[in-house]
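Each remark here refers to the structure printed beneath this line.
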Amino acid sequence: MKHFLLLIFLIPFLVAKAQLPTKTQNVFIVTLDGIRWQEIFKGADPAIINSSRYTSDIDLAKLMYLDSSVEKSRKKLLPFFWNVIQQKGQIYGNRLYKNKFNITNGIDFRTLE
């Protein structure tokens, strides 16, 4: 009988030990509609920046959004995204590394009236 009582006493202790708190406390899933993955991961598109059709002040746009590397350019275009979200979380969807992350719902909003 002593063995049975000892086992009952140890079970709550072992269960509590197995349920250690994890580091992650919150999970946020952010989805974007209308932004191209290329702009998120490569920064502003030089073809758009250098086009007077899309850019009224090309020199200013180059100064503000283009840089010597992809990493610097994307931080200039989306500073909060790369200085806060990326530093404190994880970002998925960089197709340069075959990291496809698609969300589909099958609804074509163009046909809804």
Under 5 Å from the placed amide H of Asp67, counting only residues 5+ away or on other chains, we find Ser73
Residue by residue through segment 51-67, the couplings from Karplus 6.51 cos²θ - 1.76 cosθ + 1.60 with θ = phi - 60°, in Hz, x for Gly and Pro, are 9, 5, 5, 10, 10, 7, 10, 4, 4, 5, 4, 4, 4, 6, 10, 10, 8
Residue separation between Tyr54 and Ile35 times 0.36 nm, minus their alpha-carbon distance, gives in nm 5.3 nm
Counting only protein heavy atoms and leaving out ligands, DNA and RNA, the solvent-accessible surface of Phe80 at a 1.4 Å probe, in Å² to the nearest 10, equals 130 Å²
In whole Hz, the Karplus estimates of ³J(HN,Hα) for segment 76-86 (6.51, -1.76, 1.60; θ = phi - 60°; x where Gly or Pro) are 5, 6, 10, x, 5, 4, 8, 9, 10, 4, 5
Amide H contacts under 5 Å for Asp45, restricted to residues at least 5 apart in sequence or on another chain and with H modeled in the peptide plane, are none
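The values are calculated or read from the model by the stated rules, or taken from the named source; none is laboratory data. Being a predicted model, the structure only gives us computed values, none of them experimental. Keep in mind that these areas ignore ligands, DNA and RNA; they rest on the heavy atoms of the full protein, side chains included. Shrake-Rupley method; radii C 1.70, N 1.55, O 1.52, S 1.80 Å.
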